[in-house]
Amino acid sequence: MQAYWRLHRYPIVFAVACILFYWSFAYHLVRTDFVKLFMLFGALFYLTYKIIQFEKWNFKFLLVVGILFRLVFLIAEPNLSQDFYRFLWDGELIKNGINPYLYTPDQIIEQGQVTFASMKELRDGMTDLNARHYSNYPPFNQILFALASILGGGSVLGSTIAMRLMIILADLGALYFGRKLLQKLNKANNLSFWYFLNPLVIIELTGNLHFEGVMLFFFVWALYLISTNKWLWATPVYAISIMVKLMPLLFLPLFVKYFGFKKSIVFYVLTLLGCAALLLPFYSSVFIDNYSDTVGLWFSNFEFNASIYNLVKKIGVTYFEAKPWELIDTYGSLIQKVVVAIVLLFAFLRNNNKMESLITSTVFALACYYFLSSTVHPWYVVFLLGFAIFTDYRFPLVWSFAVILSYEAYSNPDNAEKLWLLAIEYLLVMGFFIYEMIGNRPKKLYFFKK
């Protein structure tokens with residue numbers, strides 16, 4: 001023990017400090033206290049960097065501390081997001097035989113035909129906006145919500161713990177398949193710990209119960225199966241990833257050159273059939289209308305931590321007297337088309353015939369979508385970070401730190417954003433992205449690299 005202590009005393013001290021900081025984050029922080037939030041996050045990011053620097057080849061040490069950091073949050077109530085109340089609401093509805101896509105929480109309460117023990121607590125916990133709209137979480141996510149409600153026995157705390165354990169298991173799965181995929185790509189498998197130990201990942205997933213990590217687990221698993229030429233087995237796994245969150249649907253066109261036309265058609269058909277099979281138990285005549293209306297809100301109503309959209313809005317409102325509520329609706333409709341066009345360009349102009357090039361295209365595509373989007377919550381960056389580690393690009397790692405600046409908005413009663421802080425965030429991220437694109441690359445545009 002003494003010899004081990006002498007060899008690893010600094011990483012152990014750093015890990016203990018991280019546990020104390022995570023404890024303070026989980027149990028003694030309110031999101032309106034931005035100064036404390038930023039200081040804790042900054043300290044955690046620095047200490048995590050030092051731990052990986054010292055122990056990057058010590059898999060067992062990094063695995064253990066990553067699990068311990070997550071277990072700190074086990075019985076904590078999420079303090080940066082209220083979304084988990086809606087997760088548990090949907091889970092309770094399914095447990096009671098109600099399709100969560102057919103009724104809003106407010107409609108359920110008004111009708112009074114369904115009751116469960118935690119109904120009032122969950123309704124009071126979620127936002128009024130959430131309670132007025134239908135669920136927008138895909139079917140496999142709903143299954144996990146229902147499982148958490150069953151395992152939790154009707155208790156909010158019990159169901160929260162169940163969800164937290166699911167997310168931790170997903171992170172362990174992403175670590176497992178991520179290391180195997182890195183080995184296939186002839187990259188150092190310790191790169192996976194830049195995801196597994198990242199404070200943003202731990203706080204937003206384990207802490208605040210967002211399911212981006214579950215989506216990432218199935219996505220990375222599918223990529224690994226594809227890389228080992230087991231692409232038929234990858235189709236149901238990829239379908240599950242889509243049905244946790246819809247984002248992997250965006251990447252399907254990128255597989256055309258990797259598989260070739262005929263094989264890609266088979267891949268698409270089998271994947272979409274898998275999605276349909278997961279969707280079938282929830283389908284009804286009004287499902288499509290309810291679901292599309294709710295998802296559409298993200299493009300036409302919501303704005304948070306935007307980059308290019310805020311610039312367009314500032315110019316439009318200041319110089320052209322544009323009305324903000326009309327601008328975001330028009331902008332959102334346009335961006336949907338622009339993003340599809342960008343993905344198709346990446347699909348047909350880049351040589352995605354190798355796995356690393358294919359994954360690089362997904363990084364470019366998702367980054368472009370986030371740069372253009374009117375809403376980029378901090379936990380969105382987790383997915384981008386999770387598969388950027390398989391490429392030569394590290395700007396998502398910079399973003400995983402800089403995105404914490406967006407939480408300053410919650411320190412104000414009206415959640416007003418300070419545009420100069422967002423400018424700092426995006427100057428750091430886009431500046432590093434441009435540097436990686438042209439600053440240390442050959443003169444030939446790296447976009448076309450095979």
>> Just to verify a result, which residue in region 108-145, among those that are under 19 Å from residue 287 (Cβ atoms) and of a type in the set (S, T, N, Q), is farthest from the chain's Cα centre (by Cα)?
In response: 111
> Among the residues of region 371-392 satisfying the criterion of being of a type in the set (Phe, Trp, Tyr) and buried (at least 21 other Cβ atoms within 10 Å of the Cβ), which is nearest to residue 188 (Cα to Cα)?
Replying inline: 390
> What are the residue pairs meeting all of these: first residue in region 419-436, first residue more than 19 Å from residue 312 (Cα to Cα), second residue open to solvent by less than 40 Å² (accessible area, probe 1.4 Å) and outside any helix (DSSP H, G or I), Cβ atoms under 7 Å, and 6 or more apart or on different chains?
Replying inline: 436/393
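For the structure I just gave you, tell me whether residue 282 is over 20 Å from the mean Cα position of the chain (by Cα), under 30 Å from residue 429 (Cα atoms), open to solvent by less than 50 Å² (accessible area, probe 1.4 Å) and not charged (D, E, K, R). Reasoning before the result, please.
Numbers: over 20 Å from the mean Cα position of the chain (by Cα): yes; under 30 Å from residue 429 (Cα atoms): no; open to solvent by less than 50 Å² (accessible area, probe 1.4 Å): yes; not charged (D, E, K, R): yes.
Taking the combined requirement at face value, the residue does not satisfy it.
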>> Out of everything in region 371-418 that is free of Cβ contacts under 8 Å to residues at least 40 places away in the same chain and in a helix (DSSP H, G or I), what residue ends up being nearest to residue 352 (Cα to Cα)?
In response: 388
> Can residue 150 be described as within 24 Å of residue 288 (Cα to Cα), open to solvent by 40 Å² or more (accessible area, probe 1.4 Å) and either part of a helix (DSSP H, G or I) or touching a Phe, Trp or Tyr at 6+ places or on another chain (Cβ under 7 Å) (or both)?
Replying inline: no
> Only one of these conditions is not met by residue 268: (1) closer than 18 Å to residue 139 by Cβ; (2) hydroxyl-bearing (Ser, Thr, Tyr); (3) modelled with pLDDT of 95 or more. Which number is it?
Replying inline: (1)
> Which condition breaks for residue 123 when tested against (1) closer than 25 Å to residue 302 by Cα; (2) outside any helix (DSSP H, G or I)?
Replying inline: (2)
> Scanning for something buried (at least 21 other Cβ atoms within 10 Å of the Cβ) and either acidic (Asp, Glu) or part of a loop (DSSP other than H, G, I, E, B) (or both), does region 352-366 turn up at least one residue?
Replying inline: yes
>> Quick test for you: out of 21, 45, 14, 61, pick the one residue that is within 21 Å of the chain's Cα centre (by Cα) and in a helix (DSSP H, G or I).
In response: 45
> So residue 229 clears everything in (1) more than 26 Å from the chain's Cα centre (by Cα); (2) more than 21 Å from residue 182 (Cα to Cα) except one condition, right? Which one?
Replying inline: (2)
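Looking only at region 76-85, decide whether some residue is under 24 Å from residue 288 (Cβ atoms), under 27 Å from the mean Cα position of the chain (by Cα) and not in a helix (DSSP H, G or I). Before the answer, list the steps.
Restricting attention to region 76-85, the residues satisfying the condition of being under 24 Å from residue 288 (Cβ atoms) are 83.
Still in the running and under 27 Å from the mean Cα position of the chain (by Cα): 83.
Right, trim to not in a helix (DSSP H, G or I) and you get none.
No, that holds for no residue.
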> What's the number of the condition residue 265 fails, among (1) among the aliphatic types (A, V, I, L, M); (2) part of a helix (DSSP H, G or I); (3) closer than 30 Å to residue 78 by Cα?
Replying inline: (3)
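Only one residue in 62, 74, 37, 44 is closer than 18 Å to residue 168 by Cα, open to solvent by less than 30 Å² (accessible area, probe 1.4 Å), touching a helix residue (DSSP H, G or I) at 6+ places or on another chain (Cβ under 7 Å) and in contact (Cβ under 8 Å) with a residue 60 or more places away in the chain, so which one is that? Working first, answer last.
Values: 74 fails: open to solvent by less than 30 Å² (accessible area, probe 1.4 Å); 37 fails: closer than 18 Å to residue 168 by Cα; 44 fails: closer than 18 Å to residue 168 by Cα.
Unique residue meeting the criteria: 62.
Among the listed residues 128, 90, 124, 83, which satisfies the condition of being in contact (Cβ under 8 Å) with a residue 60 or more places away in the chain and acidic (Asp, Glu)? Step through it out loud before you land on a result.
Details: 128 fails: in contact (Cβ under 8 Å) with a residue 60 or more places away in the chain; 90 fails: in contact (Cβ under 8 Å) with a residue 60 or more places away in the chain; 124 fails: in contact (Cβ under 8 Å) with a residue 60 or more places away in the chain.
On inspection, the qualifying residue turns out to be 83.
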> Of all residues in region 319-348, which are assigned to a helix (DSSP H, G or I), surrounded by fewer than 17 Cβ atoms within 10 Å (Cβ to Cβ), of a type outside the set (S, T, N, Q) and at pLDDT below 90?
Replying inline: 319, 320, 324, 325, 326, 329
> Which of the residues that make up region 93-106 are without any contact (Cβ under 8 Å) to a residue 40 or more places away in the chain, surrounded by fewer than 24 Cβ atoms within 10 Å (Cβ to Cβ) and at negative phi?
Replying inline: 96, 98, 103, 104, 106
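Please count how many residues of region 77-86 are under 14 Å from residue 207 (Cβ atoms) and open to solvent by less than 30 Å² (accessible area, probe 1.4 Å).
Taking region 77-86 as the starting set, the residues that turn out to be under 14 Å from residue 207 (Cβ atoms) are 77-84.
Still in the running and open to solvent by less than 30 Å² (accessible area, probe 1.4 Å): 78, 80-81, 84.
Total meeting the criteria: 4.
The values are calculated or read from the model by the stated rules, or taken from the named source; none is laboratory data. From a predicted model like this one, the values you see are computed outputs, not experimental measurements. Note that each Cβ is placed from the backbone with ideal geometry, even for glycine, and that neighbours are counted across all protein chains shown. The protein model used for the area step is the full one, side chains on, heavy atoms only, and it has no ligands, DNA or RNA in it. Shrake-Rupley method; radii C 1.70, N 1.55, O 1.52, S 1.80 Å.
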